[in-house]
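Undergrad: Let me begin by handing over the structure; questions about it come next.
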Amino acid sequence: MSDTQSFRGLRAEREAEWRRLDDLLSTCEKRSPRSLSDEDLLALPVLYRGALSSLSVARETSLDLELVTYLETLCARAYFFLYGVRTTPAARLRQFFTRDWPAAMRGLARETLIALAILVIGTIGGYFLVTSQPEFYNAFVPEELASGRDFNASREALAEGLYSGAGGDGLAVFATVLFTHNSRVAIFCFALGFAFGAPTVLLLLYHGGMLGAFLALYGSHGLTFELGGWLIIHGSTELFAIVLAGAAGLRIGWSVVFPGALPRLAAASRSGRETATAMVGVVLMLLVAGLLEGLGRQLIRDDLVRYAIGMTMLILWCAYYYLPRRNPHG
Amino acid sequence: MAEQAILHRAQSVRMRRRLVTPEGVDLGLTLASAGQRATAFLLDALIMFATLIAMTLIVAFGFMATGLAGAEPLAIIWLLGYFLLRNFYFIILEMGPRAATFGKRASGLRVVARDGGRLTADAVIARNLMREIEVYLPLSFLGMEAAEGGAGAAMTLLGLGWACLFLFFPLFNKDRLRVGDLLAGTWVINTPRQRLTYDLMRADAHSAGYAFTDEQLDAYGIFELQTLEQVLRGGNQDSLDAVATTIRGKLGIGEVESHEAFLTAYYEALRRRLERKLLFGRRRLDKFDR
């Protein structure tokens with residue numbers, strides 16, 4: 001009978017330590033590790049190892065289900081806490097803006113060029129298709145988006161559309177609608193990448209085609225320069241963001257098709273994690289684009305100012321992403 | 001009955017995954033079942049909608065109080081608020097120390113990296129952005145079709161098929177992975193809050209009144225012992241009676257004074273015997289294990 005007694009001895013001997021570890025972990029999870037005293041903080045890893053060794057002993061000697069499951073969950077909690085993320089949210093946020101965001105975009109440079117090429121091909125294709133056969137216009141631009149801006153419209157009506165806002169009241173809603181719509185398109189570009197990147201390419205081509213169709217329509221009335229101003233004020237940010245989202249999708253699709261030395265699934269999940277940061281950046285860019293489109297474009301009517309704002313934004317984004325900078329870790 | 005029990009046990013073994021800590025101990029994590037995941041998600045969806053409705057009410061009352069009017073801020077809440085909430089609610093909560101949303105906490109779940117390493121912010125972002133195409137795309141798609149008054153049946157079917165493909169994806173792989181989990185290299189495990197109550201082996205031997213023979217103690221194995229432990233801890237009188245009657249019938253013991261006292265005594269004797277066997281390297285899994 002001494003065997004079981006010796007085990008119950010272990011429980012009697014160690015239970016106080018397990019409960020202390022339990023309490024410390026609860027404090028950390030509810031508030032923060034900073035609320036622990038130095039003494040408790042130093043005790044944490046020691047208590048964790050003690051609990052692990054108790055778990056090993058209990059598994060081999062005890063048939064008490066409650067005890068073993070208690071120790072298992074306690075050890076798992078302690079493990080995820082001790083080996084978990086160590087940064088505070090504020091530090092994480094600072095790191096995102098100073099390092100992670102531009103680094104993620106730089107990491108996608110090759111795919112960005114490819115995505116840009118696809119978008120340009122789509123634009124050129126859309127332009128020539130619509131120029132040669134205006135019927136194609138309706139295929140590229142859905143009716144609710146066109147809202148009267150088609151080949152039946154007069155030059156004056158089109159020109160007026162470029163300079164009249166959606167009405168002073170609805171501007172904020174308009175900006176919001178644009179932002180949520182564009183963000184979803186961008187997230188689809190990213191998320192659908194795992195299907196070998198094909199949906200991403202199609203989305204990019206389609207966006208390019210739509211752009212080309214608009215250019216053809218306004219070009220046929222000699223309004224290209226004015227349309228350029230109307231588009232570029234937000235388009236330099238928005239199209240850049242969509243190209244980057246497409247690049248992220250292409251990276252995932254590429255790693256599914258050509259996984260290299262890794263298993264296909266592992267390759268896909270690695271590129272998914274690498275590009276996820278870029279996607280948060282893309283959504284932030286689209287927020288800026290939505291504001292520029294919904295507010296800036298409706299309030300600023302001068303073509304040259306529109307061009308100036310659009311180009312400035314483009315230069316700012318490029319400088320933020322691609323200017324070489326000192327590596328803080330040498 | 002026995003087949004059921006074996007089936008149940010096989011299921012719990014199937015959901016266990018190895019995670020060896022740097023100290024060399026396997027933590028033996030249990031994956032969350034599809035039902036738990038669905039419950040957690042529904043809870044989260046409820047919380048998000050409650051937040052949106054609360055915000056709407058606050059703004060509406062604010063307007064009433066100040067005498068202004070306009071649907072604009074309400075539209076912004078439902079467009080922008082909903083978009084930000086459904087993406088960042090999950091991302092921010094899962095990046096915290098608990099690595100779980102409120103719904104997951106209530107169901108006792110948390111997100112961990114599949115390789116056992118640190119759960120990075122990138123992984124959390126990736127797994128939650130995929131939700132946009134898994135859940136919200138088919139939902140909004142169906143909503144749009146319905147709003148437009150039954151556009152093509154083929155399109156609706158396509159949308160439904162798409163939704164089902166992603167919705168039931170976790171059921172078709174052994175790790176219960178969502179597409180987002182697959183891409184982010186994460187999985188969701190079960191970490192219920194476990195309480196350590198009392199030791200059923202009390203120092204003052206309850207078994208004093210009972211003396212069991214070796215044959216009587218050989219009737220059951222570890223699985224039955226631990227089931228008996230759960231019945232005793234549960235303390236439900238009906239199940240105590242049912243279990244005691246079954247055991248008495250099997251051991252050939254007549255009427256007893258109190259079923260609980262009898263079961264406690266049998267539990268102690270059985271556990272003592274099985275633990276001694278364990279120390280000698282013999283783990284008798286269940287009553288079929290001879």
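Undergrad: Counting just the residues of the range B:168-192 that are surrounded by 15 or more Cβ atoms within 10 Å (Cβ to Cβ) and more than 17 Å from the chain's Cα centre (by Cα), which one comes out farthest from the other protein chains (Cβ to nearest Cβ)?
TA: The extreme case among them is B:169.
Okay, residues lined up against (1) at the interface with another protein chain (Cβ under 9 Å from one of its Cβ atoms); (2) of a type in the set (Gly, Ala, Ser); (3) surrounded by 13 or more Cβ atoms within 10 Å (Cβ to Cβ):
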position: B:44; (1), (2), (3): no, no, yes
position: B:50; (1), (2), (3): no, yes, no
position: B:62; (1), (2), (3): no, yes, no
position: B:65; (1), (2), (3): no, yes, no
position: B:72; (1), (2), (3): yes, no, yes
position: B:76; (1), (2), (3): yes, no, yes
position: B:87; (1), (2), (3): yes, no, yes
position: B:92; (1), (2), (3): yes, no, yes
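Undergrad: Only one of these is without any contact (Cβ under 8 Å) to a residue 60 or more places away in the chain and more than 9 Å from every other protein chain (Cβ to nearest Cβ): B:103, B:35, B:96. Name it.
TA: Matching residue, one of B:103, B:35, B:96: B:35.
Undergrad: Applying the selection to the range B:111-139, what residues are outside any helix (DSSP H, G or I) and farther than 18 Å from residue A:193 by Cα?
TA: Listed by number, the residues that qualify are B:111, B:112, B:113, B:114, B:115, B:116, B:117, B:118, B:119, B:120.
Undergrad: Counting residues that are under 26 Å from residue A:71 (Cα atoms) and of a type in the set (S, T, N, Q), which helices (runs of 4 or more DSSP H) fully inside the range B:159-245 reach at least 2?
TA: Once the helices (runs of 4 or more DSSP H) in the range B:159-245 are filtered for at least 2 residues that are under 26 Å from residue A:71 (Cα atoms) and of a type in the set (S, T, N, Q), what remains is B:222-234.
Undergrad: Report, by residue number, each residue of the range A:281-321 that is modelled with pLDDT under 90, surrounded by fewer than 20 Cβ atoms within 10 Å (Cβ to Cβ) and under 14 Å from residue A:105 (Cβ atoms).
TA: A:284
Undergrad: Could you check the range A:179-199 and list, in sequence order, the residues that are buried (at least 21 other Cβ atoms within 10 Å of the Cβ) and touching a residue at least 60 places away in the same chain (Cβ under 8 Å)?
TA: Those that are buried (at least 21 other Cβ atoms within 10 Å of the Cβ) and touching a residue at least 60 places away in the same chain (Cβ under 8 Å): A:179, A:182, A:183, A:186, A:187, A:189, A:190, A:193, A:194, A:197.
Undergrad: Let me ask another. Could you please tell me which pairs satisfy a Cβ distance under 6 Å, a separation of 6+ or placement on different chains, a first residue in the range B:249-273 that is crowded, with 17+ Cβ neighbours inside 10 Å, and a second residue that is small (Gly, Ala, Ser)?
TA: B:259/B:244; B:262/B:244; B:263/B:244; B:265/B:207; B:268/B:207; B:269/B:207
Undergrad: Can I ask one more? List pairs: first in the range B:229-240 and in contact (Cβ under 8 Å) with a residue 24 or more places away in the chain, second of a type in the set (A, V, I, L, M) and not in a helix (DSSP H, G or I), Cβ under 8 Å, 6+ apart or cross-chain?
TA: So the pair list comes out as B:229/B:200; B:232/B:200; B:233/B:200.
Table: residues versus (1) within 23 Å of residue B:108 (Cβ to Cβ); (2) not assigned by TED's automatic domain parsing to the domain that holds residue A:281.
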residue	(1), (2)
A:18	yes, yes
A:43	no, yes
A:46	no, yes
A:61	no, yes
A:65	yes, yes
A:71	yes, yes
A:77	yes, yes
A:98	no, no
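Undergrad: Output the residues belonging to the range B:22-65 that are polar (S, T, N, Q) and under 30 Å from residue A:74 (Cα atoms).
TA: B:30, B:33, B:36, B:39
The values are calculated or read from the model by the stated rules, or taken from the named source; none is laboratory data. The shown structure was predicted, so the numbers you read here are calculated from the model rather than taken from an experiment. As a convention, Cβ positions derive from the backbone with ideal geometry for all residues, glycine included, and neighbour counts pool all protein chains shown.
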